[in-house]
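Chemist: I am attaching a structure below and will ask some questions about it afterwards.
The values are calculated or read from the model by the stated rules, or taken from the named source; none is laboratory data. Computed from a predicted structure; not experimentally measured. Positions of Cβ are backbone-derived with ideal geometry, glycine not excepted, and every protein chain shown enters the neighbour counts.
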Amino acid sequence: MNEPPERDQPPERDQPPERDQPPERDQPEPNGSEPEDSPLDSAGTGEDSPSEDAETDDNSSAPPPEPEPGPESESGLAAVGMGCLGMLAFAALNLVFAAAMVNFLDFGGTLALAIVMFAAAFGGGGFIVARSVGPMKGFGIGLMISWALLSIITAGYCTGLNPSLYNTPH
Amino acid sequence: MPPVNLVLFHVWGFAVPTHEFFVFLGVAVAAAVFFREARQRGQLSWQTLAVVAGALVGGAIGMRLSGWFRYLDPMLNPSLLEAWRFGTHSILGGLALAYVGVHVAKKLIGYRVRTGDLFAPAVALGMAVGRIGCLLTEAPGRPTELPWGVHAPGSVPNCPGCAAGAPMHPSFVYEIMFHLAAFAALYWLKPRLRHRSGALFTVYVAGYAVFRFAVEFTRANETVWLELTRPQWFLTAGILLAVARAVLYYRTRAGRDATTHERAREETVT
């Protein structure tokens, strides 16, 4: 009955940030204008008053640079889904090429297939990203991610980056 | 805790290498953490995916090409093609070019939102997992008299301590513990630094650079000059650059703050 108005209370300080909660909401489109432009932001200030720097003491000094949210929309998840599809598609293509590559014991043949796979990932993927709209861009990016992942995980074996692997007995 | 076989297990007749298996596991864990962070911060989009692609491509190239700068004398270094073919799998090289790859990707797509805070906890946990592969397959460290020193088979390459049968520092255990602690610390810091975009990433990278410099004294890497290893020289240059940039940034910011105060005072007076 005598509940005070919520807004009149002292500012919340250590509360879990609202922006961390809703996974999907309408975000303002990024305008490309970040308030601060250094990744070194606050490297040395985090220990000063970690819990009090939120909203209370910054009015008189420089305004705290708000983390600018990205242009997430409901299509964000769809883009990730398409990205996964792109990764699987490239992995399947890569499986075929790698199987063929095992038979190429010379450096030149392996290099040629490596270039083809690189072109498929970045030429094809880049084309899709440039020409498509919305979540479909994720598919093109997925091709590139798959190339990079396979290169890292297999030390270049699957993508032909390490032709010496084919010439050494296992 | 000796290194185990280079092959962890077999699947349908294919040997699964121990090191690569844990690298894969580390990448998978990092991807899961990144995805969760991106959702929580409302940054899940195709642009973020493109940034991840930039990081991975840069990382893949950096890992392979890091052997290109082994010696100051360029004649002693391998050619680009040789480095590509026989390159070392350096984490530092991978991380450095992953950072470059992120910026290139952002430039290409015109994306200016910071993403470092998404990467920081993901990289920390991913590295903790990935280093298990190193622990199981590589030279543990330099000889030590400490009670937790470990032994490894003499067949481990590039490991004088292994050949001598001496107990050695479990340097990869130190590193795994660091990354786990860093992961926990980043989550503790997250709400406290939420208004300082990019700070989590900076804290993590700075912390890892300092830690890695220190832990190199227990690693079995070759010392090349002044009793320091190649990674230590690489980190020295990196830390100096980071400090220079931090000083420049804070000077610029201090100047901007002073101007803001001056304007505010003038407006109050008038």
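Chemist: What's the total number of residues in region B:68-88 that are modelled with pLDDT of 70 or more, part of a helix (DSSP H, G or I) and in contact with a Gly (Cβ under 8 Å, 6 or more places away or on another chain)?
Modeler: 1
Chemist: Looking only at region B:213-267, how many residues end up being assigned by TED's automatic domain parsing to the domain that holds B:F172, aliphatic (A, V, I, L, M) and part of a helix (DSSP H, G or I)?
Modeler: 2
Chemist: If you don't mind, there's one more thing I want to ask. Among (1) in contact with a helix residue (DSSP H, G or I) (Cβ under 9 Å, 6 or more places away or on another chain); (2) in contact (Cβ under 8 Å) with a residue 60 or more places away in the chain, where does B:N158 come up short?
Modeler: All conditions pass for B:N158, except number (1).
Chemist: On to the next question. Sort out which residues of region B:184-198 are more than 10 Å from chain A (Cβ to nearest Cβ) and buried (at least 21 other Cβ atoms within 10 Å of the Cβ), and write them in order of number. Reasoning before the result, please.
Modeler: First pass over region B:184-198, keeping only residues more than 10 Å from chain A (Cβ to nearest Cβ): B:184-187.
Within region B:184-198, just B:L186 meets the criteria.
Chemist: Any idea which residue in region B:97-139 is surrounded by the fewest Cβ atoms within 10 Å (Cβ to Cβ), counting only those that are of a type in the set (A, V, I, L, M, F, W, C) and farther than 21 Å from B:F183 by Cβ?
Modeler: B:L108
Chemist: I've got another one for you. Residues that are under 19 Å from the mean Cα position of the chain (by Cα): which helices (runs of 4 or more DSSP H) entirely in region B:89-198 hold 3 or more of them?
Modeler: Details: elements: B:91-109, B:116-137, B:160-164, B:171-189.
The helices (runs of 4 or more DSSP H) meeting that bar are B:91-109, B:116-137, B:171-189.
Chemist: Please state which of the following conditions B:R196 fails to meet, knowing it meets all the rest: (1) closer than 22 Å to B:W68 by Cβ; (2) assigned by TED's automatic domain parsing to the domain that holds B:C134; (3) of a type in the set (D, E, K, R).
Modeler: Condition not satisfied by B:R196: (1).
Chemist: Does B:F201 satisfy being surrounded by 23 or more Cβ atoms within 10 Å (Cβ to Cβ) and either more than 14 Å from chain A (Cβ to nearest Cβ) or under 27 Å from B:W233 (Cβ atoms) (or both)?
Modeler: Numbers: surrounded by 23 or more Cβ atoms within 10 Å (Cβ to Cβ): yes; either more than 14 Å from chain A (Cβ to nearest Cβ) or under 27 Å from B:W233 (Cβ atoms) (or both): yes.
Answer is yes for this residue.
Chemist: Here's another thing I want to ask about it. Going through region B:29-67 one residue at a time, which ones are touching an Asp or Glu at 6+ places or on another chain (Cβ under 7 Å) and either polar (S, T, N, Q) or part of a helix (DSSP H, G or I) (or both)?
Modeler: Scanning region B:29-67 gives B:Q40, B:Q43, B:S45.
Chemist: Can I ask one more? Out of region A:77-131, which residues are of a type in the set (A, V, I, L, M) and not in a helix (DSSP H, G or I)?
Modeler: A:L105
Chemist: Now a separate question. Can you report the number of residues in region B:24-63 which are touching a residue at least 24 places away in the same chain (Cβ under 8 Å) and at the interface with chain A (Cβ under 7 Å from one of its Cβ atoms)?
Modeler: Adding up the residues that qualify gives 12.
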